[in-house]
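Each value in this text was obtained by applying a stated rule to the coordinates, not by laboratory testing. Note that the coordinates shown come from a computational prediction; the quantities given were computed from them, not determined experimentally. For neighbour counting, all protein chains shown are included, and Cβ atoms are generated from backbone atoms with ideal geometry for every residue, glycine included.
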Amino acid sequence: MDRTLEIIDILVDRGEVGVSEVAEQLCVAPSTIHRVLETLGRRMFVVQDEDTRRYRPGPRMVAMSAEIELVARSRRLVEALGRTTGMTAHMSVLDGPDARYIHHWTPKARRAIGNRVGTRMPAHVTSAGKALLSFSTPEQIRKMFPHRSLPKPTPAAIGDRQALLEELQTVRRVGYARNVQESERGVVGFARPVANSGALVAISVSAWLTDLPRCGRDSEREKRIADALFEAGRGLQSVYTRH
């Protein structure tokens, strides 16, 4: 692992490297460097130029760098969203048919929802996932979910592709998505998509259902949560526009 990270450091610093120069800098056999770079290549962290045979950052490394920058820009706004609502706040991106969590803030509460950074959850059962999917066309949804039936991790989850399409219409109309015990029993979540500068993320908040009594679409509590999501969304768009 240390050797891999050393190679990545050199690659990031130089932008493009050859096997021999990395081997010389690290005082390691070229065969070892070649083996590590091949592994990184299979995972799309690096790509090799067919003409020069040199390596440069691949799409996965570029995507990770972009996500790190997104988190750095958004950290304070995500924390403010969590403090305003008193709920765990997350930022997510769409990764195939899943929502992948890239940042979180957790209130100092005994029953707070845990840190999900780095984890993936089916997009059709999470508020963040549905918020992200709302930017997809019906045709894109059908390609993403080729089967009419969808996995149901809980009885409350959407289990039909047509029902998902109808749910996404509601998300577009009201501006935010909700998840009431769809991804996990006892958990409720709300999310809003934010798109700008070529990036699409979802900001979301979640809590235990027992901590949100009488929370429904028309309740004052949910309206306050939605207002906080809209405010955070405007803040994120402003941040992205400035950079």
- Note on the structure: The alpha-carbon center of region 7-45 and that of region 190-212 are separated, in whole Å, by 38 Å
- Length gain on complete extension for the stretch LYS152 to ARG76, per 0.36 nm per residue less the alpha carbon to alpha carbon distance? 23.9 nm
- Across every pair of different alpha-carbon atoms, what Kirkwood hydrodynamic radius in Å does the chain reach? 19.7 Å
- Message: As an exercise, identify the GluC sites (Glu not before Pro) in region 1-64 lying in DSSP coil whose Cβ has no more than 15 other Cβ atoms within 10 Å.
- Response: GLU16, GLU50
- Message: Just to be sure I understand: if I project the alpha-carbon convex hull of region 2-57 onto a plane and average over all orientations, what area do I get in nm²?
- Response: 3.4 nm²
- Query: With labels modelled as points extended 7 Å from the Cα through the Cβ direction, what inter-label distance (nm, one decimal) is found for ARG56 paired with THR137?
  - Reply: 3.1 nm
